[in-house]
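> Got a structure here, written out as structure tokens. Questions coming.
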Amino acid sequence: MYFKLFKQLKSLSQRVFGIPIIYNTNGYENIETIKLLNGYIDVYLPDLKYYTNELSKKYSKVDNYFETATKAIIEMYNQVGQAKFDENGIIQKGVIIRHLVLPNHIQNTKNILRWISNNIPNVYVSVMSQYFPTYKAKEDNLINRKLNKKEYKEVLNYLYSLNLKNGYIQEIGTHEEEYVPNFDLSE
């Protein structure tokens, strides 16, 4: 049923609207699911969050995040390839891997960037600095603060040393909280 819907949506999006179908994901995907999506998705936007099982279990309560996510991301890349943009700079096809840098976990980021460089060096990467603690993260001494400039500079220097050429770098901001929706629906 879902794939019939995907097929209709894909046909409609291209024929009527001229827009790509984008699959936005946390990256922790069953590779068989991604294989079933082949031909239906134009752009994949996966996160690649954690390099170690310790971090994925601690912060997302999942096992084997890195192994699962990287297999899925490689399949995504095999399906749609390197990002292609239209004349207005709007992505039409491809993969953009997003990575949110966490405070006190710079080595995690370096490991992820190195993996990308070694395995799919032409993929677009979006390195994000927008992390800020919410909910239980405020109680964790390692991630109970925003990323600082020194940490982010270290990440960017490492990124440049890898010679990854495609992607985006988010500047460190001061107003990230403003973009979080109000989830308190009682108001």
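> Could you tell me which trypsin sites (Lys or Arg not before Pro) in the range 89-124 are loop residues by DSSP with no more than 15 other beta carbons within 10 angstrom of their beta carbon? The partial results should precede the final answer.
Values: sites: Lys93, Arg98, Lys110, Arg114; in loops: none.
Passing both the DSSP loop test and the Cβ count: no residue.
> Restricting to bridges with both residues inside the range 2-175, how much of the DSSP beta-bridge set is antiparallel, in percent to the nearest 5? If you can, show how the numbers build up before the last one.
Working: 2 of 17 bridges.
Approximately 10 percent, going by the DSSP bridge assignments.
> Ok, one more. What distance in nm separates the two pseudo spin-label positions at Lys149 and Asn104, each 7 Å out from Cα along the beta-carbon direction?
Each label point lies 7 Å from its Cα, and together they span 2.3 nm.
> Determine, from the Cβ-Cβ distance of Lys58 and Ile90 and an R0 of 30 Å, the FRET efficiency 1/(1 + (r/R0)^6), rounded to the nearest 0.05.
Numbers: r = 37 Å, r/R0 = 1.24.
Once rounded, the FRET efficiency stands at 0.20.
> Still on this model: Report the paramagnetic label zone for Tyr40: residues of the range 58-79 whose backbone N is under 18 Å from a point 7 Å from Cα along the Cα-to-Cβ axis.
72-73, 75-79
> Rank by packing, highest mean first: peptides 131-140, 118-127, with packing defined as the count of other Cβ atoms within 10 Å averaged across residues.
Values: 131-140: 12.6, 118-127: 17.2.
Put in order of decreasing packing, that is 118-127, 131-140.
> Express the relative contact order of the range 2-175 as a whole percentage, based on alpha carbon pairs under 8 Å and six or more residues apart in sequence. Working shown, then result.
Working: 284 pairs, mean separation 31.8, N = 174.
Computed over the range 2-175, the figure is 18 percent.
No value in this document is a laboratory result; all are computed from the given coordinates. Only a predicted model underlies this, so the values are computations on that prediction, with no experimental measurement involved. So basically every Cβ, Gly included, is an ideal-geometry build from the backbone, and we count neighbours across all protein chains shown.
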